[in-house]
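Since every read-out is calculated from the coordinates, none of them should be taken as a lab result. Please read these numbers as outputs of a predicted model, since none were measured by experiment. Here the Cβ is made from the backbone with ideal geometry for all residues, glycine too, and neighbour counts use every protein chain on show.
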Amino acid sequence: MTMKDVAIIGVGLHPWGKFPEKPWTQMAKEAIDEALADAGVQWKDIGFVISGSQLWGGRKGIYSGTYTEEVMGNVGVPVVNVNNACATGGTMLTVAAMAVASGAADLVLAVSADKSAKGFFPALPVYHEEPVPSDDTLRWNMGLPNPVYWALEMRKRMIKYGDTEEHLAKVKVLMSKHGKLNPKARYQREFTLEEVLNSAMVTDPLRLYEICATSDGAGAAILCSKEKAKQFTSKPIYMMASALGSPLYGDPTARIPVVSINPKPGVPVISESWVAAHRAYEEAGIGPEDIDFVELPDNSAWHVLQYIETMDFCGEGEACACLNRGDFAIGGRIPVCPSGGFSSFGEATMAQGFAQLYEMVLQLRGVCGPRQVEGAKVGMSEVYGAAGNNAAVILRK
C-alpha cells in the first residue's frame with residue numbers, strides 16, 4: 001500500500017478564537033466527536049492516534065495524545081506525538097497516512113489542539129535551563145521576531161519587483177472576503193482597503209491587519225485505506241501526496257542563520273516550502289496547473305505574495321499582477337485560501353494544518369456553500385514552522 005491508497009473519511013474542527021474557559025482536551029474532544037460523526041465510526045474503532053504535541057512558544061508543559069485519550073476513554077490505543085512547530089498539522093497527516101499505508105491500524109485518528117498566548121511568541125527558551133538556545137530563540141532575543149523578518153522579505157520584494165503597500169492591503173481584503181463566509185473562522189467580517197491601510201504599522205511595511213493573530217483551535221481527521229473507506233462512505237477524499245521539506249543551504253531568507261548566512265545564487269526564498277511543494281507535485285504526478293485551489297500559510301500578507309510564486313502558481317515577481325487581475329479570488333484562476341486563511345482564523349500553531357485540511361475536504365465534497373470553488377477536484381495546502389519545517393499536502397475527490 002502507498003500514500004495514494006489512503007483515504008480521509010472524517011474531519012472535525014473546533015472553531016478558532018480565544019476560549020479561556022476551555023482546556024485543550026475539551027477542544028480536542030469536540031473536534032474528535034465531529035470527525036467520528038462525520039466518518040460514521042466510534043471511538044472504540046480507532047486503532048492508532050497521531051497527536052500534535054505542544055512543547056513550543058516558551059510555555060512549560062506538554063500536550064500529549066494520551067491526555068485526549070483520557071477524556072475520550074482509555075482503550076489502550078497506541079499514541080504517537082508529533083511536533084514540527086507550526087508545520088505540525090501537515091506533518092501529522094503524513095505520519096497518519098504512513099500508519100495506514102504500513103498496516104499499523106485500519107482506522108487512524110490525527111488530532112491536535114493549541115491555545116496560543118496573546119501577541120508574538122515569547123523570546124524565552126522552552127526551558128530556562130536550556131543549555132544551547134535555538135537559532136530562533138537567538139533571533140527573537142536580537143529583536144527579530146517573525147513579523148520583522150517577514151517585513152524585511154517584503155521590503156526586498158518592493159525593491160526588486162515593485163510591490164506596494166496597497167498590494168499588501170489588497171491581500172488582507174481578499175482573505176477577509178473569503179473568511180466572512182466561513183462559520184469556523186475567528187474573524188467573519190470583510191475589511192476595506194482603507195481600514196487596512198489605516199491600521200497601525202507594526203514593522204514597516206507590514207500593518208496590524210496584515211499580520212495574523214494568535215488563536216486557540218483544534219482539529220481532527222480519520223484516515224483509512226481506500227478499500228476500508230468503502231464501508232463508510234461512497235465519496236471519500238483521497239491522498240495524492242503528503243510531502244515534508246527542510247531548508248537548502250544558501251537560502252537567502254533572513255531567518256535561519258545556519259542556512260541563510262551565505263546566500264547562494266539559485267536557492268529559492270523559503271526553500272523548505274519550495275522543497276515540500278515540488279516533492280508533493282512529483283509524488284502526486286501532477287503540476288500546479290492541475291490544482292483547483294490552494295490553502296497556504298498566510299501568516300502575513302507577504303506570505304501570500306511569496307508562497308504563490310514559491311509553489312509555482314505564477315512566475316517570480318508576478319504575484320501582484322495576478323492579485324490585481326482577481327486570480328486568487330473564489331472564481332478566479334487559482335483561489336487562494338477560500339477558508340479565509342490564517343488572516344481570518346489566527347494561528348493555533350500545532351493545529352493550524354487542520355484548518356487547512358478541513359477546508360480542503362469540504363471543498364472537494366462540494367459542501368462549502370457561498371465560498372465553494374466550483375468544480376473543485378484537486379486541492380493543495382502548505383504549512384510551515386520554525387527552524388525550517390514544512391509540509392505540503394495534495395488531496396483529490
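Is there a quick way to get the dipole size of the chain? I mean about its Cα centre, with the Cβ of Lys and Arg at +1 and of Asp and Glu at -1; what is the value in debye to the nearest 20?
On the way: 36 positive and 44 negative charges, 93 e Å.
Charge dipole, the chain, about its Cα centre: 440 debye, nearest 20.
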Note to self: Using a Gaussian network model on the chain with a 10 Å cutoff between Cα atoms, which of Asp216, Asp298, Asp38 fluctuates the most?
What the structure shows: Asp38
Note to self: If I take every Cα pair under 8 Å that is 6 or more residues apart in segment 249-397, average their sequence separation and divide by the length, what percent do I get for the relative contact order?
What the structure shows: 25 percent
Notebook entry, point to check: Any idea what the alpha-carbon Rg over 2.2 N^0.38 Å comes to for the chain?
Noted result: 0.92
Item checked: Angle between the chain longest axis and helix 271-284 axis [Cα atoms, degrees, rounded to 10] -> 40 degrees
Margin query: Which residue, Pro288, Gly12, Cys320, has the largest displacement toward the positive end of the dipole of the chain when charges sit on each Cβ (Lys, Arg +1; Asp, Glu -1)?
Written below: Gly12
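By counting other Cβ atoms within 10 Å of each Cβ, how are Trp43, Trp150 ranked from fewest to most? Display every interim value, and only then the final one.
Details: Trp43 15, Trp150 25.
Listed from fewest to most nearby Cβ atoms, that is Trp43, Trp150.
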Note to self: In whole Hz and in residue order, list the ³J(HN,Hα) couplings for segment 212-218 that follow from phi through the Karplus curve 6.51 cos²θ - 1.76 cosθ + 1.60, θ = phi - 60°; x for Gly and Pro.
What the structure shows: 6, 7, 9, 9, 9, x, 7
Notebook entry, point to check: Quick one: Karplus J couplings for segment 170-181, per residue in order, coefficients 6.51, -1.76, 1.60, θ = phi - 60°, nearest Hz, x for Gly and Pro?
Noted result: 5, 4, 4, 4, 4, 4, 5, 4, 6, x, 5, 9
Notebook entry, point to check: Sequence-distant or interchain residues sharing an amide H contact under 5 Å with Ser225, placed H: which?
Noted result: Ala7
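Please report Ile334, Ile237, Ile261 as a ranked list, fewest other C-beta atoms within 10 angstrom at the top and most at the bottom. Present the calculation step by step, with values, prior to reporting the outcome.
On the way: Ile334 20, Ile237 25, Ile261 10.
Going from sparsest to densest Cβ surroundings: Ile261, Ile334, Ile237.
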Next item on the list: With θ set to phi - 60°, apply the Karplus curve 6.51 cos²θ - 1.76 cosθ + 1.60 along segment 13-23 and write out the HN-Hα couplings as whole Hz, x wherever there is a Gly or Pro.
Entry: 8, 6, x, 7, x, 10, 10, x, 7, 10, x
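Quick check on the exposure proxy: order Ile394, Ile256 from fewest to most C-beta atoms within 10 angstrom.
Working: Ile394 27, Ile256 21.
The fewest-first ordering by Cβ neighbours comes to Ile256, Ile394.
Evaluate the charge dipole of segment 256-397 about its Cα centre and quote only its size in Debye, nearest 20, assuming +1 on the Cβ of each Lys and Arg and -1 on the Cβ of each Asp and Glu. All intermediate terms of the calculation are to be shown ahead of the outcome.
Working: 9 positive and 17 negative charges, 54 e Å.
Dipole of segment 256-397, to the nearest 20 debye: 260 debye.
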Note to self: Can you list residues from other chains, or at least 5 along the same chain, whose modelled amide H is less than 5 Å from the amide H of Cys337?
What the structure shows: Val294, Glu295, Leu296
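Past 29 Å, Cα to Cα: identify those pairs from Lys118/Lys180; Lys115/Lys377; Lys170/Lys235; Lys44/Lys177, in the order given. Numbers along the way, then the final one.
Values: Lys118/Lys180 22 Å; Lys115/Lys377 33 Å; Lys170/Lys235 36 Å; Lys44/Lys177 40 Å.
Flagged as over cut-off: Lys115/Lys377; Lys170/Lys235; Lys44/Lys177.
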Check: FRET efficiency for Met98 and Glu194, Cβ-Cβ distance as r, R0 = 41 Å, nearest 0.05?
Finding: 0.25
Note to self: Under the rule of at least 5 residues apart or a separate chain, name every residue whose amide H is placed under 5 Å from the amide H of Glu347.
What the structure shows: Ala213, Thr214, Ser215
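FRET efficiency for Lys235 and Trp43, Cβ-Cβ distance as r, R0 = 25 Å, nearest 0.05? Provide the component values of the computation, followed by the final result.
Values: r = 23 Å, r/R0 = 0.93.
It comes out at approximately 0.60.
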